[in-house]
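Following: one structure in structure tokens, then a few remarks.
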Amino acid sequence: MIGTVLCYVLLPAARLLRALLDAFFTCRKNVLLAKTTSTQIGDFTATRGRSIPEEQEALLQQWLQEGTGNSPSSESAPAVEEVSVKLTSAWLEGSELLMTSLSDLNSVPEITQCAGQQLTELHTLASSEPQEHAVSKSAEETVAVAGSAPWAAVVPQTDHQIAGCATVSVDVQNEDPAVLAWSLAHDTDTVPAELPTWPIRDTVQLCPLPTEVPYHEILWRDWEDLSVQPCVLEQVTKNTHLFEFRVMSYNILAQDLVEQGLDLYLHCHRDILNWNYRLPNLLQEIQHWDPDILCLQEVQENHYWEQLEPTFKAMGFACFYKRRTGTKTDGCAVCYKHSRFQLISFSPVEYFRPGLDVLNRDNVGLVLLLQPLLPDSLHLKAVSPLCVANTHVLFNPRRGDIKLAQMALLLAEIDKVAKTAEGNHYPVILCGDLNSVPDSPLYKFIRNGELSYQGMPAWKVSGQEDFSHQLYSRKLLAPLWPSSLGITDNCQYVTPCQPKKTGRRKYSRDFLLQFRFCSVACERPSQLILLEGVTDANPECPPLCPKPAAMMKDPDPQPFVPRSSGIMRHGLNLTSVYSHFLPQRGRPEVTTMPMGLGATVDYIFYSAEPVENGNRGGRRLYKDGALKLLGRLSLLSEDVLLLANGLPNPFCSSDHLCLLASFGLEISSIREG
Ligand code: KL2
């Protein structure tokens, strides 16, 4: 009796509820995508993709199908040998995105469980060896096809669903289907006919992933439209034209680092760590959010040249890459849409400096100066160049001294690249994995433009870990880096042309005072007018005065760099796109989940204007200047990510979340005459 009630009443009711929920989330996603698909100047109104009622109808169809799919003799499992993957042209616009959770992709009929069991199953799967499932060859391959890209819409669909859509046959034996799906689903108008191809997928034994965990719902990220805030609205309406663009920062987790540190990923199903699984996922995510500027960290060199760069090129990006020095195989990349920006300059920055303990690590950064390209219709308008920097700072939680010195080098390069003829700065966007948490001294240094570091324990700088219990700790001493580096305490290069101009080197007062009593200084120049008692007297060396000759042995060989006592500064006025807190959840934002612990270490900083007298408890206040923050993709909290078994998971293929922000850069009129 109870069984009958369960089967005939509760189960269908639960399914109906889920379908409605799905429809609700899909509507929200559509709203979001409608907003985010526009990168043009002006507004966010462009809406592409299918209409919402159509979407709901499709969902209903899917739900009906799922209902029949429960029987073991399900006809919905296709014969893989000649699977015909059908893609809708609107796929990339995201209308199908929510229909393509793993539950849709992974069509193993045995695994259909209730929500409570799903999470248990996920955890069991994560902590156990790949399970043996008694599935036929074709079913196993279906999983391999389908499970390879949660963002992908490689869903064998009913005729009803694909009516009026392009149909593409894919030989799944020869190509990674997820990659193909990604490539083929790309808007064919904008992609060159020859898309890059990848090596054939390794023979990966993909065991069935948990099918019913609604990753897309758990990991849902809202688009926060900040352009509707009164303060921004007021500014935006004053300046009718803005050059709008989107910036993404993403640490994509280098595969070599996964292989070398597998014990960091014990919580992950082995198959989702496979590069052939992660690559199409990462590409899809990037493709989906469609940034105009892409700053990547942990980009493995061979993957960059063989896979990422060719793909990004096909997507309309111009790409720049800098590998780490030393033996590590990854580095950072900055890509920008060449239809929207033109390169003015590119500077790779190596932080490694031989012989300097404080700069003996192999991290790198890149600094680009880009000219935004206005459409022809705005030929009488002008927009300022934009400086984009990207870096991955040292991880070691104990070596904050190195992290700070690395930042100083990058900021000096940004200062040089972004400096205008008038001595101001073009707008700057600084992206990266800084391996430092919000409100750590390193974070405060970037945001407040100043840090007093003298005597600070090195581990404190990044706030990653508390080493206060340790007896010995390295302390920061001033100056943090030697003057020989040619960088001032203000994180600016020492102007090299200054000595050339005068033909002399600049020496410190103390250094020059050494020569007061040397024989040359005591000799009376012959042309000096003789004034009795004044110019005829020889200076007397005080009894304790050291002999100049002895001091001459160690003259300061460096150009004079004014150094303060343990305070470093920069003048870039940077503030963070994210606030590091989710007010609605009452919890901190998280950008990465090392060992299941959430932390923010990734940032997008941008140039703003400090508010006069705006200093709250040592924290500077800013308002937007020429560069306006119009929106951002919300981050998630630790508890939410734990529901999806942390990072990476089958849906998010890195141990970091991507950061995405939308900006508007003021367009001004060119003054005539
Ligand atoms: O924090 V990261 O992960 O941006 O996600 O940056 C570094 C770390 C990356 C490059 O060095 O490798 C990770 N324990 C945990 N993670 C480590 C460790 C470690 N000991 N060393 C490097 N990484």
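If you check Leu369, Leu380 for being among the hydrophobic types (A, V, I, L, M, F, W, C) and modelled with pLDDT under 95, only one passes: Leu380. No other residue among Asn281, Asn302, Asn274 is away from the ligand (no atom under 16 Å from the Cβ) and surrounded by 20 or more Cβ atoms within 10 Å (Cβ to Cβ) apart from Asn281.
Can you tell me which residue is nearest to the ligand (Cβ to nearest atom) among those in the stretch 330-361 that are of a type in the set (Lys, Arg) and in a loop (DSSP other than H, G, I, E, B)? Selected residue: Arg361. For the stretch 637-671, a tally of residues being away from the ligand (no atom under 16 Å from the Cβ) and touching a residue at least 60 places away in the same chain (Cβ under 8 Å) returns 17. In the set (1) surrounded by fewer than 23 Cβ atoms within 10 Å (Cβ to Cβ); (2) in contact (Cβ under 8 Å) with a residue 12 or more places away in the chain, the condition left unmet by Gly423 is number (2). With the checklist (1) within 16 Å of the ligand (Cβ to nearest atom); (2) among the aromatic types (Phe, Trp, Tyr); (3) buried (at least 24 other Cβ atoms within 10 Å of the Cβ) in hand, flag the one item Phe245 doesn't pass. Answer for Phe245: the failing condition is (1).
The residue of the stretch 248-264 that is surrounded by the most Cβ atoms within 10 Å (Cβ to Cβ), among those that are touching a residue at least 40 places away in the same chain (Cβ under 8 Å), near the ligand (Cβ under 10 Å from one of its atoms) and not in a loop (DSSP other than H, G, I, E, B), is Asn251.
Given the criteria more than 15 Å from the ligand (Cβ to nearest atom), surrounded by fewer than 17 Cβ atoms within 10 Å (Cβ to Cβ), assigned to a loop (DSSP other than H, G, I, E, B) and among the small types (Gly, Ala, Ser), does Gly571 qualify?
On the way: more than 15 Å from the ligand (Cβ to nearest atom): yes; surrounded by fewer than 17 Cβ atoms within 10 Å (Cβ to Cβ): yes; assigned to a loop (DSSP other than H, G, I, E, B): yes; among the small types (Gly, Ala, Ser): yes.
The answer is yes for Gly571.
Where residues in the stretch 284-299 are in contact (Cβ under 8 Å) with a residue 60 or more places away in the chain and within 16 Å of the ligand (Cβ to nearest atom), which of them is farthest from Met593 (Cα to Cα)? Here the residue is Cys295.
Output the residues belonging to the stretch 589-609 that are free of Cβ contacts under 8 Å to residues at least 60 places away in the same chain and either more than 16 Å from the ligand (Cβ to nearest atom) or not acidic (Asp, Glu) (or both).
Taking the stretch 589-609 first, the residues free of Cβ contacts under 8 Å to residues at least 60 places away in the same chain are 589, 597-598, 608-609.
Hits for the stretch 589-609 are Leu597, Gly598, Ala608, Glu609.
Screening Pro310 on (1) away from the ligand (no atom under 16 Å from the Cβ); (2) surrounded by fewer than 24 Cβ atoms within 10 Å (Cβ to Cβ); (3) within 17 Å of the chain's Cα centre (by Cα) shows it passes everything except condition (3). If Glu350 passes every condition in (1) within 28 Å of Ser436 (Cβ to Cβ); (2) buried (at least 20 other Cβ atoms within 10 Å of the Cβ) but one, which one does it miss? Evaluating Glu350 over (1) within 28 Å of Ser436 (Cβ to Cβ); (2) buried (at least 20 other Cβ atoms within 10 Å of the Cβ) leaves (2) as the failure.
Within the stretch 436-447, take every residue that is among the hydroxyl-bearing types (Ser, Thr, Tyr) and within 13 Å of Phe605 (Cβ to Cβ) and give me the one that is nearest to the ligand (Cβ to nearest atom).
Pass one, the stretch 436-447, residues among the hydroxyl-bearing types (Ser, Thr, Tyr): 436, 440, 443.
Now narrow it down to the ones that are within 13 Å of Phe605 (Cβ to Cβ): 436, 443.
Details: Ser436: 10, Tyr443: 15 Å.
Once the filter is applied, the top-ranked residue is Ser436.
Scoring Leu633 on the criteria (1) under 22 Å from Pro583 (Cα atoms); (2) within 16 Å of the ligand (Cβ to nearest atom); (3) touching a helix residue (DSSP H, G or I) at 6+ places or on another chain (Cβ under 9 Å) leaves a single failure, condition (2). Looking at the stretch 647-657, can you tell me whether even one residue there is assigned to a strand (DSSP E or B), of a type outside the set (Asp, Glu) and within 15 Å of the chain's Cα centre (by Cα)? Taking every residue of the stretch 647-657 in turn, at least one turns out to be assigned to a strand (DSSP E or B), of a type outside the set (Asp, Glu) and within 15 Å of the chain's Cα centre (by Cα).
Criterion first (without any contact (Cβ under 8 Å) to a residue 60 or more places away in the chain, aliphatic (A, V, I, L, M) and not in a loop (DSSP other than H, G, I, E, B)) does Ile429 satisfy it? Here the answer is no, as Ile429 does not meet what is asked.
Listed here are the residues, each with its yes/no results for (1) within 16 Å of the ligand (Cβ to nearest atom); (2) surrounded by 13 or more Cβ atoms within 10 Å (Cβ to Cβ); (3) at pLDDT below 95.
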{"position": "Pro427", "(1), (2), (3)": "no, yes, no"}
{"position": "Leu434", "(1), (2), (3)": "yes, yes, no"}
{"position": "Gly449", "(1), (2), (3)": "no, yes, no"}
{"position": "Ser452", "(1), (2), (3)": "no, yes, no"}
{"position": "Trp459", "(1), (2), (3)": "yes, yes, no"}
{"position": "Trp481", "(1), (2), (3)": "no, yes, no"}
{"position": "Gly486", "(1), (2), (3)": "no, yes, no"}
{"position": "Asp489", "(1), (2), (3)": "no, yes, no"}
{"position": "Thr502", "(1), (2), (3)": "no, no, yes"}
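Identify, please: which residue in the stretch 416-425 is of a type outside the set (Asp, Glu) and outside any strand (DSSP E or B) and is, among those, farthest from the ligand (Cβ to nearest atom)? Of everything passing the filter in the stretch 416-425, Ala421 is farthest from the ligand (Cβ to nearest atom). If you check Thr327 against the conditions, is it of a type in the set (S, T, N, Q) and within 16 Å of the ligand (Cβ to nearest atom)? Criteria met by Thr327.
Can you tell me which residue within the stretch 645-673, out of those that are at pLDDT below 95 and of a type in the set (Gly, Ala, Ser), is surrounded by the fewest Cβ atoms within 10 Å (Cβ to Cβ)? For the stretch 645-673, the residue satisfying everything is Gly673.
The residues in the stretch 331-380 that are more than 23 Å from Ala408 (Cβ to Cβ), touching a residue at least 12 places away in the same chain (Cβ under 8 Å) and not small (Gly, Ala, Ser) can be counted, and the count is 17.
The values are calculated or read from the model by the stated rules, or taken from the named source; none is laboratory data. In this text, all values refer to a predicted model and were calculated from it rather than measured experimentally. As a convention, Cβ positions derive from the backbone with ideal geometry for all residues, glycine included, and neighbour counts pool all protein chains shown.
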